[in-house]
Amino acid sequence: MKPIDTYPRTQSFDIENIHSLSRGEEGTISDVPEMSLLASLGLRLGKRVKLLSKSFAGGPVVLSVDDRSIAVDRELAEKITIRK
Amino acid sequence: MAHCGPKKQRRRRKHKHHFGGDTHKTILLMGLPNVGKSAIFSRFTGLDAMVSNYSGTTVEFYEAPMTINNETYLLKDAPGIYNLQNPNDDAERVAMDMMKDRPEAIVFVLDAINFESSLHLLMQVLEYNIPTVVALNRTDLMKSRGMTIDRSLLQNRLNVSVIPTVALKGNSLDLVKYALRQTIDKEVQYTVPTENKDRWRTVEELNEEAVKTTPRKNGVDRFAFLAKPFPGIPIALLVLATMFAFVIGFGMGLRQFLLLPFFNSLVFPYIRQGVEALTASELLRAILIGEDYGFLIKGIEWPFALVLPYVISFYAMMSVLEDTGYLPRIAVLLDGVFKKIGLSGSSAIPLLLGYGCGIPAIMSTRSLPSRKQRLSVAVMVCFAVPCVSQTGAFIALLAERSVFAFLFIFFVSIFAMVIVGLIMDKINKQSVPFTLMELPPLLVPAPKLLSKKILFRVRHYLKEGAVPMVVAIFFAAILYELGFFPALGRALSPVVSGWLMLPEAASTPLVLGVFRRELAVLPLLDLDLTTVQFFTGALVALFYVPCIAMIATLAKEFNVKTALLVFIATTATALFIGGLFARGYDAIMMLFG
């Protein structure tokens with residue numbers, strides 16, 4: 001995985017974590033923890049993701065990536081950064 | 001990229017598997033979870049396999065013989081996995097071991113919908129250089145999503161046969177078999193990248209070249225609302241309420257209008273006549289056709305006329321729910337709430353299954369991420385989840401007198417589940433692993449596979465549930481007619497009459513309940529009780545010892561100590577709460593009435 005700094009970016013505040021997206025918003029993954037399951041579920045560098053829903057009581061967020069729905073733990077979602 | 005030819009390694013194919021003493025050549029079905037492997041297995045073997053849409057149900061794998069080129073192979077349905085290296089869980093470990101055993105051939109189910117992840121797994125599989133045939137599955141969904149996949153490009157690059165299939169409908173599976181015949185005796189040498197990073201890059205390049213998509217408006221987003229708290233939660237409640245209404249309504253209809261009339265007018269009269277013609281012994285007649293525990297009457301009526309209808313209606317509904325792929329949405333909705341008691345949302349599935357039978361429920365806890373969660377959920381099922389046989393008995397006992405009392409029992413069940421969960425969490429504090437799961441696309445279940453699955457489960461009930469129930473009733477009939485129960489009633493009378501305020505005869509269900517859950521309820525039917533007493537009995541039965549088979553399952557899945565502790569704790573809780581209710585009600589009535 002490429003470190004986040006090798007990506008060209010103009011302004012640092014373009015970077016957010018997935019959990020801060022609002023419903024229906026999209027972004028491109030710029031950094032993601034090294035977990036084989038994340039990669040297999042399509043959450044890899046450069047992938048376009050869309051936030052489908054957030055749960056309540058600290059539940060997971062649901063993302064769409066490559067036309068699949070993936071439920072990601074809130075804490076984990078906060079570790080995945082995206083560029084809008 | 002790859003080449004295959006008749007080279008060395010010929011010795012390898014002579015290697016056979018040792019399985020239960022027999023030697024079998026095996027063929028392995030591999031693929032991601034929920035991509036139709038079980039459907040292919042079911043179509044190939046014609047034997048019963050569970051086909052389920054929920055991630056994890058194939059941790060137990062199925063196997064059945066299959067004939068290729070006049071030779072019999074053992075087809076094994078490997079657990080659905082994402083990764084063959086550095087296994088993350090039991091399913092991946094099992095699948096990896098199966099690969100290391102070197103099967104004769106592999107049928108790889110390449111999911112057209114999860115193309116990249118499937119391809120990534122396929123490349124790991126090809127590294128083993130075992131003859132492989134690829135079924136490119138769910139091509140119907142693929143087309144409906146406006147996608148095309150260049151099959152010949154895949155075939156050329158990977159040097160494997162790729163056959164587009166729709167496993168759920170059985171389309172083109174003959175072609176897969178044909179390809180298997182062509183491939184199984186070949187020596188193969190596949191060339192695939194072995195470094196994880198290269199592998200993903202190759203996958204993404206292949207995806208770029210082979211897959212063409214016409215963009216469409218409604219993707220998975222169409223059903224996204226199901227996983228949103230609103231309207232997801234109201235919908236989930238509606239779905240579950242509909243499910244239970246159907247289970248009860250359909251089951252009751254089946255019982256009242258079909259099974260009971262059938263047995264009462266066509267079976268029992270002949271049994272009575274037959275027994276009366278065969279023996280004049282009063283004792284023997286009482287044991288066989290007596291009013292109370294007549295073995296040939298109750299031994300048929302209880303398992304087949306009272307309980308079976310609910311077993312059929314429950315599993316029909318549960319199987320539909322599983323095969324649509326809706327259950328993981330419930331897991332996501334409940335995840336946050338379950339976290340509060342140290343569990344993940346996927347615990348909802350074993351708990352729901354527990355309303356069918358506790359044994360598959362405890363076994364299905366295997367798919368939960370930690371031992372602590374497994375234990376918590378198993379104990380919750382033992383304490384507070386009535387199985388379908390018992391629910392059927394509750395309906396017979398309560399619903400026909402007071403629907404309110406029946407619903408209240410279920411309310412108590414849910415409340416108790418939370419309490420038990422909290423206690424288990426306190427005893428065994430552990431952090432909950434991250435939730436990370438795919439929500440499979442919603443599907444209309446295939447009737448053929450669905451009916452096979454329901455049949456399989458009902459047959460399981462007949463074998464594992466009904467037969468032990470008949471045996472238990474047989475012994476009960478003998479003991480009853482020999483005058484054992486009145487003596488037992490006197491012995492247990494301090495507990496039964498003194499504490500629970502039930503008649504002495506109610507000690508019988510307490511003893512029988514150890515063997516079968518519903519037997520803690522059914523004998524109460526024949527006693528002349530007040531609604532409050534019926535409710536006390538039902539309450540005791542709910543918390544009481546789960547049946548002996550569940551205790552045995554606990555001992556097998558965990559250990560004997562756990563099983564014994566659950567046995568003692570459930571009995572104590574049941575008696576304590578039952579008595580508390582009876583006395584509390586009594587006190588309130590004295591105050592106000």
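The values are calculated or read from the model by the stated rules, or taken from the named source; none is laboratory data. Everything numeric in this text was worked out from a predicted model, so none of it was measured. Note: ideal-geometry Cβ built from the backbone for every residue, glycine included; neighbour counts use all protein chains shown.
Taking only pairs six or more apart or across chains, which ones have beta-carbon atoms under 6 Å, a first residue in the stretch A:25-41 that is facing chain B (nearest Cβ under 10 Å), and a second residue that is surrounded by fewer than 18 Cβ atoms within 10 Å (Cβ to Cβ) and not aliphatic (A, V, I, L, M)? From residues that are facing chain B (nearest Cβ under 10 Å), the pairs are A:Pro33/A:Lys79. Residues of the stretch B:557-587 being surrounded by 13 or more Cβ atoms within 10 Å (Cβ to Cβ) and of a type in the set (Lys, Arg), which ones? Selection gives B:Arg583 alone. Inspection of the stretch B:374-385 finds no residue satisfying the criterion of being part of a helix (DSSP H, G or I), more than 26 Å from B:Ile577 (Cβ to Cβ) and either within 14 Å of another protein chain (Cβ to nearest Cβ) or touching a Ser or Thr at 6+ places or on another chain (Cβ under 8 Å) (or both). Restricting B:Val458, B:Val444, B:Val470 to residues that are more than 19 Å from the chain's Cα centre (by Cα) and either surrounded by 14 or more Cβ atoms within 10 Å (Cβ to Cβ) or within 25 Å of B:Thr536 (Cα to Cα) (or both) narrows the list to B:Val470.
Within the stretch A:64-80, being at the interface with chain B (Cβ under 7 Å from one of its Cβ atoms) and farther than 16 Å from B:Tyr82 by Cβ holds for A:Ser64, A:Asp67, A:Asp73, A:Glu75.
Candidates are the residues of the stretch B:87-138 that are under 28 Å from the mean Cα position of the chain (by Cα) and polar (S, T, N, Q); the one that is farthest from the other protein chains (Cβ to nearest Cβ) is B:Asn137. Any chance the stretch A:1-16 includes a residue that's at pLDDT 90 or above and surrounded by fewer than 22 Cβ atoms within 10 Å (Cβ to Cβ)? The answer is no; no qualifying residue exists. The requirement of being touching a Gly at 6+ places or on another chain (Cβ under 9 Å), of a type outside the set (Val, Ile, Thr) and farther than 16 Å from B:Met424 by Cβ is not satisfied by B:Gly584.
Residues of the stretch A:48-63 that are facing another protein chain (nearest Cβ under 7 Å) and either of a type in the set (A, V, I, L, M, F, W, C) or closer than 13 Å to B:Arg222 by Cα (or both): A:Leu52, A:Ser53, A:Phe56, A:Ala57, A:Val62. Of the residues making up the stretch B:328-358, just one is touching a residue at least 60 places away in the same chain (Cβ under 8 Å), of a type outside the set (A, V, I, L, M), more than 14 Å from chain A (Cβ to nearest Cβ) and within 14 Å of B:Val377 (Cβ to Cβ), namely B:Gly358. For the stretch B:484-495, residues that are closer than 16 Å to B:Asp526 by Cβ and under 39 Å from the mean Cα position of the chain (by Cα) total 2. Can you find a residue in the stretch B:309-326 that is within 14 Å of chain A (Cβ to nearest Cβ) and not small (Gly, Ala, Ser)? Looking through the stretch B:309-326, at least one residue is within 14 Å of chain A (Cβ to nearest Cβ) and not small (Gly, Ala, Ser).
Against the test of being out of contact with any strand residue (DSSP E or B) (no Cβ under 7 Å at 6 or more places or on another chain) and at pLDDT below 95, the options B:Arg145, B:Arg138 yield a single qualifying residue, B:Arg145.
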